[in-house]
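Taking it in order: structure first as structure tokens, then the write-up.
The values are calculated or read from the model by the stated rules, or taken from the named source; none is laboratory data. Predicted model only: the values in this text are computed from it and were never measured. With ideal geometry, Cβ positions are generated from the backbone for all residues, glycine too; neighbour counts draw on all protein chains shown.
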Amino acid sequence: MNPNPLRDPRDRRLPRVPQPCALVVFGITGDLARKKLLPAVYDLANRGLLPTNFALLGFARRDWGDTEFAELSREAARQHARTPWREEVWEQLAADITFVQGSFDDDNAFDQLAATLGELEGSHGIGGNAAFYLSIPPSMFPTVLKQMQRTGMAESTADRWRRVVVEKPFGEDLPSSRELNALVDSVFSAEDVFRIDHYLGKETVQNLLALRFANTLFEPIWNGHHVDSVQITMAEDVGIGGRASFYEKTGAARDVLQNHLLQLLALTAMEEPVEFSAEEIRTEKLKVLRAISVPEDMETFAIRGQYEQGWLAGERVKGYQQEEGVDPKSATETFAAVRLGVETRRWAGVPFYLRTGKRLPRRVTEIALMFKRAPHLPFAETDTEELGNNQLVVRVQPDEGVTLKFGSKVPGSVMEVRDVSMDFLYGEQFTESSPEAYERLLLDVLLGDATLFPRNAEVEASWAVIDPLEEFWAGTTPHAYRAGEWGPRAAEEMLAAEDRRWRRP
Amino acid sequence: MTTLWDTTGSAVVKELAAQRRTGGAVLSGVALTLVVVADESRVSDAEEAATHAAEMHPCRLLFVVRRQIEAPAPRLDAEVLIGGRLGPGEAVVMRMYGRLGLHAESVVLPLLAADAPVVAWWHAAPPDRLATDALAVFADRRITDSSIADDPLAALKTRAADYAPGDTDLAWTRSTAWRAILASSLDSVSGRRGEPVVVTAGRVEGDPANPTARLLAGWLSSRCGCPVAVEEGTRKPGESGVESVVLTLDQKEEVRIHADRKGGAVISQPYRPDAAVALPERVLGDLLSEELRRLDPDEPYSDALESATGVSDLADRSPMREHVWFDPAEENGNGSRTKKRAAAKTGDS
């Protein structure tokens, strides 16, 4: 029997709304919480996607009263919200916001947090359900998790759920990520752990699954018989900002390659899931991640770089080693490019070129499938000089959409074929009100939908790819590239070695 | 923007193609064609709403404004806009004079985006039988708005009598926010109990003459299998015509939702403190954009309409309409009186 007569599967107008619950944010005064989480909560409230009984509990070291905290969160939400500001919505939400002050090693503070949560159960009717968002450095995880275990806050029971949200980086290599996973899993059960990779919350990434599995057009050519190679690029024009101490220890490979790029690779290369459900999609992604092979000739096919001073977008920018807080002799990479293989029947022999970097000419993320050349061209050789490989490009950001590049005749009396592109644009104009990645992911956590969250086995499989690279790079100096260039020369040579070249995104 | 005075349909098609060529990439990815039938007095409202909706759903906008059916010579004026006042996409605003208004489809058909769904929206009084307007016949989805009729309840009955799958009404769209809150309130009751909820009775308080309040009551009664009446409220309710909803549940429980008139609603339910949620009034563009989200027949709407009007078997009707010729000038013979009536008909209401 339908537990709620008003729910009708045919009724697609009614939004998915979570059960009554609380969202507890550790590190509520941090950058991420202010710029992403609080605005996302406001946007959810504004769209009517929060449950009728909801509470937001902030926990941080700073000594703040409820009013100061309310003022700060109001400013944060107002400044960064994507939906129009409505004071009345905020006022209703503000009544549900509480602040608890304390340090993470303070038993009293956690006892108070547990007590406050208990009170909210009565006063806000949250029914004992809570999601804990760890918006704190990973080094603090053990302390906070142990406190949660001690106070019994982490236990899901038959009549309440408790979930935890963890941000990347999920460890810094395979052993440390295993340790972290073991720790989190010892406190929360595996299905209650949500690891946020905000890239997976983007519309285009989800659209990739629609593009592949809802159409008949692409799947037949989505394999090594037709695809020559795949290029996945995530470029940023910014430097490291104020994150020197974090970045010095991490580097581009751990920061981006291990999570975003490998997840994009997995979604591109995975087999069709049995159904569109969290478990089935994760199963297929995991199979791909486990099938990834690293290059034997790492000297040529695993390149890292570091930016030097240069000019970018009309401004002179510092080199990495001159950035504030960076060791002047630092050997941390700000660029990484690698050739990976996927050892499956579908992909054997197709190279996957992945690259990411900071201070590259523009901010862009895309997945490009380069198709094989036609086996025979009936035209004269001079007619097709300008014809390249056919390409299918999924543009993740900006200008979200899909591009198809193919040859076409140049108008005129002679036969000449050159490349043209056909664009499908999700265009900025059209996506103004599509939800922000954090908003979508936060809602999914509260709903308990894990489709867009990598599970621990995926994280570990990803580290298993990165570890040999890091091992090879240890003790070497990264190749230098000027800020404002598409990476070091060695990255160009890496593709040139196989008669290919990077697509300029 | 180009304005074509006293022009022809093919000139409009040519001009649109010319602007597309020079317009650039903003034009790609058109998902549907939205045909807006508006009265002159409501054109600017309709333009604003359609522009808003087009931001969410890339579409080609075609406005049809019929004027002065009795004018002796037919005439077409058209504005072709790309990336201008009507948003980033393609839009054509057409004013049709004289008998051309009865053959609007001859101008509209060649302008439809190739093989994309067509949605027709009347921001005007729609014909009693939609089949008498050829624009309704080729539209895959037809949107009316009973709340702008002089007698909204009679309009709702007319819509029920004429219903075919694919019809929808903005009076129904206005109930979505209420329905969402009601459904999630019952979620929280069933979540707490851990067992199903049964609604034994219910009532909607508000404006009994408001079609949204009627449809909401109709929906509740069709979902819960018990009669739900609309009772006169104590204050003047907002656009939705609903002030509060009370549902009586099994186990002697009651859920009550009350609009606080400040863009919110208060939910009262057993064992839980009162909770406030957002319930803002929505602008027309927002409602329209919700309609464009899905283009298949809306069964919950036909159930609600059935239950609100007492007309049965709506969902079993054929989704296809066949054009029925209707000439307002021939309605009562051929006298000059009828011509005046025709003018009044196409004029304001």
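Some notes on this structure:
- Only listed residue being more than 30 Å from B:Ala31 (Cα to Cα) and either among the aromatic types (Phe, Trp, Tyr) or modelled with pLDDT of 90 or more (or both), chosen from B:Gly310, B:Gly347: B:Gly310
- Checking B:Val255 against (1) surrounded by fewer than 22 Cβ atoms within 10 Å (Cβ to Cβ); (2) more than 26 Å from B:Lys157 (Cα to Cα), the condition it does not meet: (1)
- Cβ pairs under 6 Å, 6+ apart, first in region A:152-180 and in a loop (DSSP other than H, G, I, E, B), second hydroxyl-bearing (Ser, Thr, Tyr): A:Phe170/A:Ser177; A:Gly171/A:Ser177
- Pairs are defined by a Cβ separation below 9 Å, a sequence spacing of at least 6 or placement on different chains, a first member in region A:134-148 that is free of Cβ contacts under 8 Å to residues at least 60 places away in the same chain, and a second member that is part of a helix (DSSP H, G or I) and polar (S, T, N, Q); the pairs so defined are A:Pro138/A:Ser176; A:Leu145/A:Ser186.
- Close pairs (6 angstrom Cβ cut-off, 6 or more residues apart or separate chains): more than 16 Å from B:Glu291 (Cβ to Cβ) and within 14 Å of chain A (Cβ to nearest Cβ) in region B:29-48, among the charged types (D, E, K, R) and in a strand (DSSP E or B) anywhere: B:Val30/B:Arg60
- With respect to the conditions (1) among the hydroxyl-bearing types (Ser, Thr, Tyr); (2) more than 22 Å from A:Leu267 (Cβ to Cβ); (3) outside any strand (DSSP E or B), A:Ser462 falls short on a single one, namely (2).
- The one condition in (1) at pLDDT 90 or above; (2) more than 14 Å from chain A (Cβ to nearest Cβ); (3) over 25 Å from B:Glu205 (Cα atoms); (4) crowded, with 17+ Cβ neighbours inside 10 Å that B:Pro328 fails to fulfil: (1)
- Among the candidates B:Leu182, B:Leu220, B:Leu186, the residue that is surrounded by 21 or more Cβ atoms within 10 Å (Cβ to Cβ), at the interface with chain A (Cβ under 9 Å from one of its Cβ atoms), in contact with a Gly (Cβ under 6 Å, 6 or more places away or on another chain) and not basic (Lys, Arg) is uniquely B:Leu220.
- Some residue of region B:192-204 being surrounded by fewer than 18 Cβ atoms within 10 Å (Cβ to Cβ) and away from chain A (no Cβ under 14 Å): yes
- Of the residues contained in region B:265-283, one or more are found to be within 17 Å of the chain's Cα centre (by Cα) and at pLDDT 90 or above.
- Checking each residue in region B:271-298 for being facing chain A (nearest Cβ under 10 Å) and surrounded by fewer than 16 Cβ atoms within 10 Å (Cβ to Cβ) picks out B:Tyr271, B:Pro273, B:Asp274, B:Arg293, B:Arg294, B:Asp296.
- Selection count, region A:277-303, where residues are within 29 Å of A:Asp499 (Cα to Cα) and out of contact with any Ser or Thr (no Cβ under 8 Å at 6 or more places or on another chain): 13
- Hits in region B:160-182 - residues which are farther than 17 Å from A:Leu6 by Cα, in a helix (DSSP H, G or I) and touching a Leu at 6+ places or on another chain (Cβ under 7 Å): B:Ala160, B:Asp162, B:Leu170, B:Ala171
- Hey, A:Val227 within 26 Å of A:Pro468 (Cβ to Cβ), assigned by TED's automatic domain parsing to the domain that holds A:Thr332 and at pLDDT 90 or above or not: yes
- Screening A:Gly407 against (1) more than 22 Å from the chain's Cα centre (by Cα); (2) part of a loop (DSSP other than H, G, I, E, B); (3) not hydrophobic (A, V, I, L, M, F, W, C) leaves a single unmet condition, (2).
- Within the span defined as region B:228-236, every residue fails to be of a type in the set (Ser, Thr, Tyr), within 14 Å of chain A (Cβ to nearest Cβ) and over 30 Å from B:Ser44 (Cβ atoms).
- Elements of type strands (runs of 3 or more DSSP E) contained in region B:1-107, each with 3 or more residues being closer than 30 Å to A:Phe424 by Cα and in the same structural domain as B:Ala124 (by TED's automatic domain parsing): B:32-38, B:59-67, B:75-84, B:87-97
- Flag: A:Gly127 matches the condition of being closer than 29 Å to B:Arg261 by Cβ and either in the same structural domain as A:Leu443 (by TED's automatic domain parsing) or in contact (Cβ under 8 Å) with a residue 60 or more places away in the chain (or both).
- Among the residues making up region A:155-178, a single one is modelled with pLDDT of 85 or more, touching a Ser or Thr at 6+ places or on another chain (Cβ under 9 Å) and among the small types (Gly, Ala, Ser): A:Ser177.
- Of note, A:Phe132 does not satisfy the criterion of being closer than 22 Å to A:Gly27 by Cβ and in contact with a helix residue (DSSP H, G or I) (Cβ under 6 Å, 6 or more places away or on another chain).
- Taken together, the criteria exclude A:Glu272 from residues that are over 22 Å from A:Lys202 (Cβ atoms), assigned to a loop (DSSP other than H, G, I, E, B) and acidic (Asp, Glu).
- For region A:235-262, the tally of residues that are farther than 20 Å from A:Thr477 by Cβ and touching a helix residue (DSSP H, G or I) at 6+ places or on another chain (Cβ under 6 Å) stands at 3.
- When the test is whether a residue is among the acidic types (Asp, Glu) and surrounded by 20 or more Cβ atoms within 10 Å (Cβ to Cβ), A:Asp297 does not pass it.
- Residue match in region B:287-306 (condition: of a type in the set (Phe, Trp, Tyr) and outside the structural domain of B:Pro196 (by TED's automatic domain parsing)): yes
- Within region A:289-319, being part of a strand (DSSP E or B) and among the polar types (S, T, N, Q) holds for A:Ser293, A:Gln306.
- Among the residues of region A:247-278, the ones that are in contact (Cβ under 8 Å) with a residue 40 or more places away in the chain, surrounded by fewer than 19 Cβ atoms within 10 Å (Cβ to Cβ) and of a type in the set (D, E, K, R) come to 4 in all.
- For region A:220-245, the set of residues classified as loosely packed, with under 14 Cβ neighbours inside 10 Å, touching a residue at least 24 places away in the same chain (Cβ under 8 Å) and either of a type in the set (Ser, Thr, Tyr) or not in a loop (DSSP other than H, G, I, E, B) (or both) consists of A:Ser245 only.
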